[in-house]
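Peer 1: First the structure, then my questions, so here it is.
The values are calculated or read from the model by the stated rules, or taken from the named source; none is laboratory data. These numbers come from a predicted model, not from an experiment. Heads up, the Cβs are rebuilt from the backbone with ideal geometry, glycines too, and the neighbour counts pull from every protein chain shown. These accessible areas exclude ligands, DNA and RNA; they are computed on the full protein's heavy atoms, side chains included. Shrake-Rupley method; radii C 1.70, N 1.55, O 1.52, S 1.80 Å.
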Amino acid sequence: MISKTGVAAFLFLSTAALGVAGCGGGGGGSTEPAPPTPANAKPTVQAIADQSLTIGDSVEVTVSVSDADATDTHTLSASVNNEGAATVTVDGMVLTINAIDSGVATVTVTAADNSGRANDTSDPATFDIAVASESGWVRGVFEEASVFRNSCAAPRRGMDPATGFAYVDRQGTTRDENNWLRSWSDHSYLWYAEIEDTDPDCCDTPAYFELMKTTQTTPSGAEKDRFHFFMDTEEWNELSQSGVSAGYGARFAVLAPRPPRDIRVAYTQPNSPATHPDAAFARGTKILAIDGVDAIHAPSRAEVDVLNAGLFPSELGEDHQFTVLDPGSNVQRNVTLRSASITSDPVQHVRVIETAAGPVGYLLFLDHIATAEKRLVDAITELAAAEIEDLVLDIRYNGGGYTVIANQLAYMIAGASAAQGHVFSELRFNDKHTVFNPVTGEVLRPTLFRTTGAGLSVAQGEPLPTLDLDRVFVLTGPGTCSASEAIINGLRGIDVEVVLIGQTTCGKPHGFYPTDNCGTTYFTVQFEIVNGTGFGDYAGGFTPDNAPDPDGVPLAGCAVGDDFDHAFGDTREARLNAALAYRSDTSCPDPPVGTGNTVLATVDSLEGGLLRSKIHGLTIPQDVVPPSG
C-alpha cells in the first residue's frame with residue numbers, strides 16, 4: 001500500500017503478536033516468517049507538450065518520469081501512429097522527432113523502471129506533432145471556411161448588383177482563396193472523406209478547385225462525381241435569375257462526338273441571332289465548318305480550339321462564320337453569327353393534341369430558372385382549361401436548376417388530392433450534418449409538395465393551377481438531369497405513373513448550393529435527394545424498360561432515339577409519336593441499336609475531340625441562391 005506521504009509502508013505481524021502458543025513443555029518456540037516482497041511502484045511519464053514543426057525540421061524533447069521509488073531508473077519506449085508525417089527515436093530520456101511530411105502524428109511514450117519487479121511500466125502518455133508545409137498547410141487540419149472567405153487575390157470593388165450592397169471582398173491571396181475552397185469542401189462536400197488533401201500553395205484557384213472532389217469511380221468505371229464545376233458569378237446570376245447568357249440562342253447536340261463528328265442544332269431561343277432570317281437555324285441544322293475549320297474531321301487540338309471559340313463565344317459581339325446544312329437539304333450555306341446576350345425562354349411549344357382518346361397536352365420545358373415559374377404556371381393553366389386527359393412533358397434537354405420549380409411542376413401535374421401534404425423530396429448531406437443543413441443552418445426536414453408560388457416569378461403564396469393526373473409521359477435523354485430527374489422521382493414517390501419515352505437520363509440524384517467567393521461561383525456536390533419513400537438510388541439514371549441494356553432504374557416506356565427531322569410538338573416527331581402510341585396500346589417502336597446517347601452541350605468545350613458539357617445538370621435546392629460560409 002502507498003502512504004499519503006508517497007512512502008511505501010508495509011505491516012508485519014509476528015506469531016507472538018497473534019497469540020499462537022508453542023507446543024510441548026519448553027523448548028519448541030515459533031519461527032517468524034520472512035517479510036513479503038513489496039510491490040514495485042509504477043512510474044509516471046509527465047505530460048509532454050504538443051509540437052508544431054515544418055517539414056524537414058527536427059526537435060529533441062526531454063522526457064521527465066516520476067516514481068515513488070526514488071532509486072529506480074527508467075527505460076523509455078516511443079511509437080508514432082503516422083510515420084508519413086513524423087518519426088521518433090529514443091536516446092536515454094530524450095526523444096528526437098523528425099518532421100517528414102505535412103500531417104498530424106500522435107506519439108505514445110511509456111517508461112519501464114529497471115527494478116525487474118512487477119507493475120513496473122507506466123501508463124502511456126501521448127502528445128501530438130503537427131507538421132506544416134512552408135505555406136502553413138497541415139494535412140487533415142482545417143480551419144473554419146469563414147476565416148478565409150472573401151479574402152481575394154483581386155478583390156471586387158463597387159456595388160454588387162445581385163445584392164445592391166458594396167462587395168465584401170478584402171485583399172488576400174490565391175492561397176487564401178484555395179484555403180477557403182479546402183475548408184468549405186471539407187465542411188460541405190458530400191464525399192469529403194474521399195478528397196485527397198492538397199497544399200493550397202500548389203496551384204492557381206481553378207486548378208485547385210478541380211482537386212477538391214472525389215477521385216473514386218462507379219462500378220461501371222465512370223467518374224463518381226461528374227458534376228463539379230465553376231463559373232463567373234456575374235454570368236451565373238444572369239443565367240439563373242433571368243436566363244441571360246452570351247451566345248447565339250442555339251443549343252447544340254452531338255450525335256457523333258468523335259471524328260467524323262455530327263453536330264446538330266438541338267433547339268433555338270426566339271428572337272436570337274440563331275433565329276434571325278439571315279441565319280434561320282432550325283432544329284436539326286448540321287454544323288459542317290466553323291471559321292474555315294472542318295467541324296466533322298478536325299483532328300488537331302488547335303483546330304478544336306477554333307471550333308470551341310465559334311460554338312461557345314466567351315464575349316458579346318464576336319463574329320463567327322458557320323457552314324451549315326439545313327434539315328432535308330443537300331445544299332450547304334454560309335452564315336455569320338454575332339454573339340449577343342441571349343434570354344432563355346424556358347417553356348416552349350405548349351399545345352393541345354386532339355386524339356380519339358381525348359386531348360393530350362404537350363410542353364417543352366428547357367430550364368429550371370427563375371422565369372420558368374411563371375411560364376409553367378401559364379402553360380399548366382392553358383392545358384387545364386383544355387381539360388387534357390394526359391400530359392407529354394418534354395424534358396429531354398433540361399439540365400436542372402431550382403428544385404422548388406421541379407416541386408411546383410410535379411404538384412401541378414398530380415394535383416392536391418395526390419400531392420398536398422405529402423413529401424416531394426428530402427436532402428441528405430454528409431455524415432457531419434445529420435440534423436442541420438450545413439449551408440442554411442436550418443433543421444433538416446422533408447420538403448412537402450409546394451402548392452403556391454415561391455416568389456421567383458410568381459407571387460409568393462399564389463395558388464398553383466393543377467391538372468390532377470395520375471399518369472404523365474416524360475420525354476427524356478442524357479441531358480435530362482438533376483431537378484428534371486427530381487420531377488420523375490418525386491412523382492413516383494406518390495404513386496403517379498411515369499412513362500419514360502426516349503433515352504436514359506443523366507443520373508444525378510445530387511445537388512449543390514452555388515456559392516460565390518471572390519467573383520467565382522462554385523458548384524460542388526453537397527447533398528443527395530430522395531423522394532417521399534426514401535428512394536434516391538438513380539445514379540445510373542432512369543431508363544425505359546424495353547432498352548436493350550438498361551443502364552439505370554427501369555421505368556415503363558419505350559427507348560426511342562432523338563429525332564432531328566421534325567419540330568417539337570409535331571406528332572410525327574419520334575418520341576412524341578411513341579408516347580401517343582404507347583398511350584393507345586402500350587406498344588413501342590423497335591429500340592435504337594448501337595447509336596448510344598446524344599451528347600449535349602450548353603456552356604461547353606470540345607476537349608480531345610469530344611464535346612463535353614461543363615454544366616452537367618443543376619440542382620439548386622432553395623428558392624433563391626443562399627449564402628454559404
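Peer 1: Could you please find all residues in the range 64-115 being over 20 Å from G140 (Cα atoms) and not in a strand (DSSP E or B)?
Peer 2: If the condition is that a residue be over 20 Å from G140 (Cα atoms) and not in a strand (DSSP E or B), then S64, D67, A68, D69, A70, T71, D72, T73, G92, M93, N114, S115 are the ones that fit.
Peer 1: Considering only the range 64-84, I want to know if a residue exists there that is within 16 Å of A49 (Cα to Cα), of a type in the set (S, T, N, Q) and open to solvent by less than 60 Å² (accessible area, probe 1.4 Å).
Peer 2: No, that holds for no residue.
Peer 1: Among the residues of the range 191-205, what is the count of those that are open to solvent by 60 Å² or more (accessible area, probe 1.4 Å) and either touching an Asp or Glu at 6+ places or on another chain (Cβ under 6 Å) or farther than 24 Å from D431 by Cα (or both)?
Peer 2: Adding up the residues that qualify gives 3.
Peer 1: Then there is this: Being of a type in the set (S, T, Y), under 22 Å from L190 (Cα atoms) and surrounded by fewer than 20 Cβ atoms within 10 Å (Cβ to Cβ) is the requirement here; does T451 meet it?
Peer 2: Against the criterion (of a type in the set (S, T, Y), under 22 Å from L190 (Cα atoms) and surrounded by fewer than 20 Cβ atoms within 10 Å (Cβ to Cβ)), T451 does not qualify.
Peer 1: Sticking with this structure for a sec: Out of everything in the range 210-232 that is aromatic (F, W, Y) and assigned to a strand (DSSP E or B), what residue ends up being surrounded by the most Cβ atoms within 10 Å (Cβ to Cβ)?
Peer 2: So in the range 210-232, the residues aromatic (F, W, Y) come out as 227, 229-230.
Remaining after also requiring assigned to a strand (DSSP E or B): 229-230.
Numbers: F229: 18, F230: 21.
Looking at residues that are aromatic (F, W, Y) and assigned to a strand (DSSP E or B), I get F230.
Peer 1: Okay, moving on. I'd like the full set of residues that are open to solvent by 50 Å² or more (accessible area, probe 1.4 Å) and on the phi < 0 side of the Ramachandran plot, limited to the range 318-346.
Peer 2: Step one: filter the range 318-346 for residues open to solvent by 50 Å² or more (accessible area, probe 1.4 Å), giving 319, 321, 327-328, 330-334, 336, 338, 341, 343.
D319, Q321, P327, N330, V331, Q332, R333, N334, T336, R338, S341, T343 - these are the residues of the range 318-346 that are open to solvent by 50 Å² or more (accessible area, probe 1.4 Å) and on the phi < 0 side of the Ramachandran plot.
Peer 1: Return yes or no: is G479 closer than 30 Å to A559 by Cβ, modelled with pLDDT under 95 and assigned to a loop (DSSP other than H, G, I, E, B)?
Peer 2: Here the answer is yes, as G479 does meet what is asked.
Peer 1: With respect to E426, is the statement that it is open to solvent by 10 Å² or more (accessible area, probe 1.4 Å), more than 30 Å from R575 (Cβ to Cβ) and in contact with a strand residue (DSSP E or B) (Cβ under 6 Å, 6 or more places away or on another chain) true?
Peer 2: Taking the combined requirement at face value, the residue satisfies it.
Peer 1: Restricting attention to the range 560-580, which residues are open to solvent by less than 40 Å² (accessible area, probe 1.4 Å) and free of Cβ contacts under 8 Å to residues at least 60 places away in the same chain?
Peer 2: Narrowing the range 560-580 to residues open to solvent by less than 40 Å² (accessible area, probe 1.4 Å): 560-564, 568-570, 573-576, 578-580.
Answer for the range 560-580, where residues must be open to solvent by less than 40 Å² (accessible area, probe 1.4 Å) and free of Cβ contacts under 8 Å to residues at least 60 places away in the same chain: V560, G561, D563, D570, E573, A574.
Peer 1: Is there a residue in the range 463-470 that is assigned to a loop (DSSP other than H, G, I, E, B), open to solvent by less than 10 Å² (accessible area, probe 1.4 Å) and touching a residue at least 40 places away in the same chain (Cβ under 8 Å)?
Peer 2: There is no residue in the range 463-470 that is assigned to a loop (DSSP other than H, G, I, E, B), open to solvent by less than 10 Å² (accessible area, probe 1.4 Å) and touching a residue at least 40 places away in the same chain (Cβ under 8 Å).
Peer 1: Taking E134 and the conditions (1) surrounded by 13 or more Cβ atoms within 10 Å (Cβ to Cβ); (2) over 30 Å from Q526 (Cβ atoms), which numbered condition does it fall short on, given that it satisfies the others?
Peer 2: The number of the failed condition is (1).
Peer 1: Here is a further query. Just to be sure, is T54 modelled with pLDDT of 95 or more, closer than 30 Å to D128 by Cα and of a type in the set (V, I, T)?
Peer 2: Values: modelled with pLDDT of 95 or more: yes; closer than 30 Å to D128 by Cα: yes; of a type in the set (V, I, T): yes.
Yes.
Peer 1: Could you give every pair whose Cβ atoms fall below 9 Å, whose first residue belongs to the range 28-51 and is under 30 Å from S122 (Cβ atoms), and whose second residue is modelled with pLDDT under 85 and outside any loop (DSSP other than H, G, I, E, B), counting only separations of at least 6 or pairs across chains?
Peer 2: Correct list of pairs: P38/A8; A39/A8; A41/I2; A41/A8.
Peer 1: Filter the range 406-423 for residues that are among the small types (G, A, S) and open to solvent by less than 10 Å² (accessible area, probe 1.4 Å) and give the result. Give the derivation first.
Peer 2: Going residue by residue through the range 406-423, those that are among the small types (G, A, S) are 406, 410, 414-419, 421.
If the condition is that a residue be among the small types (G, A, S) and open to solvent by less than 10 Å² (accessible area, probe 1.4 Å), then A406, A410, A414, G415, A419 are the ones that fit.
Peer 1: Starting from the range 144-164, keep only residues that are within 17 Å of P200 (Cβ to Cβ) and outside any strand (DSSP E or B), then list their pairs with residues that are open to solvent by less than 50 Å² (accessible area, probe 1.4 Å) and of a type in the set (V, I, T) whose Cβ atoms are within a distance under 8 Å, requiring at least 6 positions of separation or different chains.
Peer 2: Pairs that qualify, where the first residue is within 17 Å of P200 (Cβ to Cβ) and outside any strand (DSSP E or B) and the partner is open to solvent by less than 50 Å² (accessible area, probe 1.4 Å) and of a type in the set (V, I, T), are A153/T205.
Peer 1: Quick one: how many residues across the range 171-190 are in a loop (DSSP other than H, G, I, E, B) and surrounded by fewer than 17 Cβ atoms within 10 Å (Cβ to Cβ)?
Peer 2: Residues meeting the conditions: 1.
Peer 1: Could you pull out every one of the strands (runs of 3 or more DSSP E) wholly within the range 233-306 that has 2 or more residues that are of a type outside the set (G, A, S), open to solvent by less than 20 Å² (accessible area, probe 1.4 Å) and touching a residue at least 12 places away in the same chain (Cβ under 8 Å)?
Peer 2: So the answer is 250-256, 262-268, 286-290.
Peer 1: On the basis of being buried (at least 22 other Cβ atoms within 10 Å of the Cβ), part of a loop (DSSP other than H, G, I, E, B) and either of a type in the set (S, T, Y) or at negative phi (or both), does A459 make the cut?
Peer 2: no
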